[in-house]
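Undergrad: Take this structure first; my questions come after.
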Amino acid sequence: MIKFDKLFQTLKKNGISQYNLYTYRDVSRAQIQRLKKNQSVTTHTLNRILNILGEGFTLNDIAEFIPDSQQQKEE
């Protein structure tokens, strides 16, 4: 599973709100909801968010990979 909890922490630290994303940055509300629920999103969306954050940010700043076997242990 890929979790996007880090995304919202990174956005907050950089002063970028969800409102800013969908109003001014062309990220749909549906995509933001999918990210909040750790559902699948396109690489286009991830690329757009990283471009919004700017140079120096990587996928590691917005996502975390948790192997399925580890997630099943947590449940």
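The values are calculated or read from the model by the stated rules, or taken from the named source; none is laboratory data. From a predicted model like this one, the values you see are computed outputs, not experimental measurements. Virtual Cβ from ideal backbone geometry, glycine too; neighbours counted across all protein chains shown. Accessible surface is based on the protein model in full, side chains and every heavy atom, while ligands, DNA and RNA are left aside. Shrake-Rupley method; radii C 1.70, N 1.55, O 1.52, S 1.80 Å.
Undergrad: What is the number of the single condition among (1) of a type in the set (A, V, I, L, M); (2) free of Cβ contacts under 8 Å to residues at least 24 places away in the same chain; (3) surrounded by 13 or more Cβ atoms within 10 Å (Cβ to Cβ) that Ala30 does not meet?
TA: (3)
Undergrad: A follow-up question, please. Regarding segment 55-75, can at least one residue be identified that is surrounded by 13 or more Cβ atoms within 10 Å (Cβ to Cβ), over 10 Å from the mean Cα position of the chain (by Cα) and in a helix (DSSP H, G or I)?
TA: In the first step, residues of segment 55-75 are kept if they are surrounded by 13 or more Cβ atoms within 10 Å (Cβ to Cβ); the result is 57, 59, 61-64.
Narrowing the set further to residues that are over 10 Å from the mean Cα position of the chain (by Cα) leaves 57.
From the residues that got through so far, the ones that are in a helix (DSSP H, G or I) too are none.
No; the residues of segment 55-75 include none that is surrounded by 13 or more Cβ atoms within 10 Å (Cβ to Cβ), over 10 Å from the mean Cα position of the chain (by Cα) and in a helix (DSSP H, G or I).
Undergrad: Right, here's the next one. Please tell me if Lys12 is in a helix (DSSP H, G or I), surrounded by 11 or more Cβ atoms within 10 Å (Cβ to Cβ), of a type in the set (D, E, K, R) and touching a strand residue (DSSP E or B) at 6+ places or on another chain (Cβ under 8 Å).
TA: When the stated conditions are applied, Lys12 does not pass them.
Undergrad: Okay, next question. Within segment 44-63, track down each residue that is touching a Phe, Trp or Tyr at 6+ places or on another chain (Cβ under 7 Å) and either in contact (Cβ under 8 Å) with a residue 60 or more places away in the chain or more than 17 Å from Lys12 (Cα to Cα) (or both).
TA: Selection gives Ala63 alone.
Undergrad: From (1) over 9 Å from the mean Cα position of the chain (by Cα); (2) aromatic (Phe, Trp, Tyr); (3) open to solvent by less than 80 Å² (accessible area, probe 1.4 Å), pick out the condition that doesn't hold for Tyr24.
TA: (3) is the only condition that Tyr24 fails.
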